[in-house]
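S.K.: Dropping a structure here in structure tokens format, bear with me for questions.
The values are calculated or read from the model by the stated rules, or taken from the named source; none is laboratory data. In this text, all values refer to a predicted model and were calculated from it rather than measured experimentally. Methodologically, a virtual Cβ is constructed for each residue, glycine included, from the backbone with ideal geometry; neighbour enumeration extends over all protein chains shown. These area figures cover heavy atoms from the full protein model, side chains too; ligands, DNA and RNA do not enter into them. Shrake-Rupley method; radii C 1.70, N 1.55, O 1.52, S 1.80 Å.
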Amino acid sequence: MPAYITSIIAVLAMVQPCDKVKTVLRSYKDPAGKEPICVMSKQKNCSDIVSQLSRSFRETMGYAEGVICFAPGRVNLIGEHIDYNGGHVFPCALTLGTYGAAARRSDDRIRFYSMDFPDDGILETDLSSIHTRTGKHWGKYALGVVWAFLEKGLSISSGFDFVCKGDLPPKAGLSSSASLEVLVGTVLRALFSVGDPADPAELPLLAQMAENQYVGMNCGIMDQFASANGKKDHALLLDCASLDFRYAPLDLQDCRIVIANTNKPHELVGSAYNDRRAECEEALADLRTVLPDLPALCALTPADFAAHKEAIRRDLPRRRAAHAVSEEARTLAAFDALQHHDLYAFGRLMNESHISLRDDFEVSCPELDLLAELAWQTDGVLGARMTGGGFGGCTVNIVRQDALATFTEKTNAAYRTRFGYEASFYVVRPGDGAALIS
Ligand code: GLA
């Protein structure tokens, strides 16, 4: 069996044990024509993870957990790098994410343990010293959410113990950090009955606040919002200016969403992400010299932008703004295409999105570009683009079911030849947002 096939199997085995990925993909059918078989499926592994988590909680904390919660990762179909420019984004939650077991304590102590980072041991602190930062430790994403709750005056009446485990591919840009943050928020709500579960924006905003102000990553709202509010078999069109959103059924006909992972580690903090935000802010400030009431870059139509873009003094912020304005138009057009069941138009807009992210926003990389280009050359791939923050991570592809095996095999062979290591592929199905499981 060729090495690249083995590697695909290795990754897929995480989510759906199988002997031969080729067999899985080639026999990939919709039984009864409605329930898409999902390779990245929570249902199969969920109970395993929950029992492992429960056992780990007992071993590390010495007693049984009180609640178990889950929060998913996300994949963004289109609308990239515009959540912080007042634009629309179109993500869906995945069926994979982070699980957490937790229980209240009678004192003020907080103890965190991740089954994914056993060498880090148990992170311990007190509610009263939560402002202390924790360097590079994974626990800063979790502690940041506790900090945000306290900052917002949401009462956490005692300490608690927390053990988590994720099943997202690590460092793939599928929002494992946001899923951990939203998970901790869901756990806090469940343990302390705090906050307003009827408000879909509350938890995402608290999680974003944790990431912006505690972790130091100036992310937008998309990942946390999708993790908190995803819906099975739907994508979510979110207006990031108002936080109004609507669900769109993902009628994929004979196609599937395939995520292709570059396996190039992606690290947002300390990357050029914060620079991109600053460049967009510079463009907005320049535009406001001629359009004083402009609320955000994405409030401009492409025609308005063409008329006023010379107000942006430097070329770099002007190109960043060009991406934001065109991506907003593409996202709305893509939503419209989906409503009209036109997956081909949707795919073309995805391709254009990649080109804009590559050339104007400059957040792609050779690995992502090659995966997208190979996809564009494959019959049966309707659209392909980088997804998420960029600089590594994954592409998202709309692939006809009968082209799945050819697509993954040919793409991986060419990818390995160029970079000397393999990509991984996941067929995904949109899942539900964060929830209390038990
Ligand atoms: C990261 C950020 C999001 C968003 C995307 C790019 O995932 O966390 O807020 O900006 O990048 O669309």
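S.K.: Considering only helices (runs of 4 or more DSSP H) fully contained in the stretch 261-339, which possess at least 3 residues that are open to solvent by less than 30 Å² (accessible area, probe 1.4 Å) and away from the ligand (no atom under 14 Å from the Cβ)?
M.R.: In the stretch 261-339, 273-287, 315-339 are the helices (runs of 4 or more DSSP H) which contain 3 or more residues that are open to solvent by less than 30 Å² (accessible area, probe 1.4 Å) and away from the ligand (no atom under 14 Å from the Cβ).
S.K.: Quick check: is even one residue across the stretch 290-299 among the β-branched types (Val, Ile, Thr) and either closer than 30 Å to Leu250 by Cβ or outside the structural domain of Thr387 (by TED's automatic domain parsing) (or both)? Can you show your working first?
M.R.: Taking the stretch 290-299 and keeping what is among the β-branched types (Val, Ile, Thr), we get 290.
Narrowing the set further to residues that are either closer than 30 Å to Leu250 by Cβ or outside the structural domain of Thr387 (by TED's automatic domain parsing) (or both) leaves none.
No, there is no match, as no residue in the stretch 290-299 is among the β-branched types (Val, Ile, Thr) and either closer than 30 Å to Leu250 by Cβ or outside the structural domain of Thr387 (by TED's automatic domain parsing) (or both).
S.K.: For residues that are assigned to a loop (DSSP other than H, G, I, E, B) and in contact with a Ser or Thr (Cβ under 9 Å, 6 or more places away or on another chain), scanning just the stretch 402-423, find the one that is nearest to the ligand (Cβ to nearest atom). Quick ask: steps written out before the conclusion?
M.R.: Of the stretch 402-423, the ones assigned to a loop (DSSP other than H, G, I, E, B) are 420-423.
Checking which are in contact with a Ser or Thr (Cβ under 9 Å, 6 or more places away or on another chain) leaves us with 421-423.
Values: Tyr421: 24, Glu422: 24, Ala423: 20 Å.
So, considering only residues that are assigned to a loop (DSSP other than H, G, I, E, B) and in contact with a Ser or Thr (Cβ under 9 Å, 6 or more places away or on another chain), the one nearest to the ligand (Cβ to nearest atom) is Ala423.
S.K.: Which condition number in (1) in contact with a strand residue (DSSP E or B) (Cβ under 9 Å, 6 or more places away or on another chain); (2) part of a loop (DSSP other than H, G, I, E, B); (3) at pLDDT 95 or above is the one that His81 fails?
M.R.: Of the numbered conditions (1) in contact with a strand residue (DSSP E or B) (Cβ under 9 Å, 6 or more places away or on another chain); (2) part of a loop (DSSP other than H, G, I, E, B); (3) at pLDDT 95 or above, the odd one out for His81 is (1).
S.K.: Between residues in the stretch 226-242 that are under 9 Å from Asp432 (Cα atoms) and residues that are among the β-branched types (Val, Ile, Thr), which pairs lie under 6 Å by C-beta distance while being six or more apart or on different chains?
M.R.: Here the result reads Ser227/Val182; Ala228/Val182, each pair linking the stretch 226-242 to a residue that is among the β-branched types (Val, Ile, Thr).
S.K.: What are the pairs, 6+ residues apart or on separate chains, where a residue within the stretch 307-323 that is over 14 Å from Ala278 (Cα atoms) has its Cβ under 9 Å from a residue that is open to solvent by less than 30 Å² (accessible area, probe 1.4 Å) and among the acidic types (Asp, Glu)?
M.R.: Sorted first by the residue in the stretch 307-323, then by its partner, the pairs are Ala311/Asp286; Arg313/Asp286; His323/Glu80.
S.K.: Can you pull out every residue in the stretch 243-259 that is in contact (Cβ under 8 Å) with a residue 24 or more places away in the chain and part of a loop (DSSP other than H, G, I, E, B)? Step through it out loud before you land on a result.
M.R.: So in the stretch 243-259, the residues in contact (Cβ under 8 Å) with a residue 24 or more places away in the chain come out as 243, 245, 248, 250-259.
Across the stretch 243-259, the qualifying residues are Leu243, Leu250, Asp251, Leu252, Gln253, Asp254.
S.K.: In the stretch 365-401, which residue that is outside any helix (DSSP H, G or I) and small (Gly, Ala, Ser) is nearest to the chain's Cα centre (by Cα)?
M.R.: Gly388
S.K.: Would you pick out the residues in the stretch 175-205 that are of a type in the set (Ser, Thr, Tyr) and either away from the ligand (no atom under 13 Å from the Cβ) or open to solvent by 10 Å² or more (accessible area, probe 1.4 Å) (or both)?
M.R.: Ser175, Ser176, Ser177, Thr186, Ser193
S.K.: Taking the stretch 221-250 only, how many residues are out of contact with any Leu (no Cβ under 7 Å at 6 or more places or on another chain), of a type outside the set (A, V, I, L, M) and open to solvent by 10 Å² or more (accessible area, probe 1.4 Å)?
M.R.: So the count comes out to 8.
S.K.: If you don't mind, another one. Does the stretch 161-169 contain any residue that is modelled with pLDDT under 95 and within 16 Å of the ligand (Cβ to nearest atom)?
M.R.: Yes: the stretch 161-169 contains one or more residues that are modelled with pLDDT under 95 and within 16 Å of the ligand (Cβ to nearest atom).
S.K.: So, Glu362, is that one over 30 Å from Ala321 (Cα atoms) and acidic (Asp, Glu) or not?
M.R.: Criteria not met by Glu362.
S.K.: Taking the residues in the stretch 84-123 that are assigned to a loop (DSSP other than H, G, I, E, B) and hydrophobic (A, V, I, L, M, F, W, C) as candidates, determine which candidate is nearest to the ligand (Cβ to nearest atom).
M.R.: Phe90
S.K.: Further question on the same structure: Taking Tyr141 and the conditions (1) surrounded by fewer than 17 Cβ atoms within 10 Å (Cβ to Cβ); (2) in contact with an Asp or Glu (Cβ under 6 Å, 6 or more places away or on another chain), which numbered condition does it fall short on, given that it satisfies the others?
M.R.: (1)
S.K.: Out of all the residues in the stretch 206-218, which are buried (at least 24 other Cβ atoms within 10 Å of the Cβ) and within 10 Å of the ligand (Cβ to nearest atom)?
M.R.: Hits for the stretch 206-218 are Gln208, Glu211.
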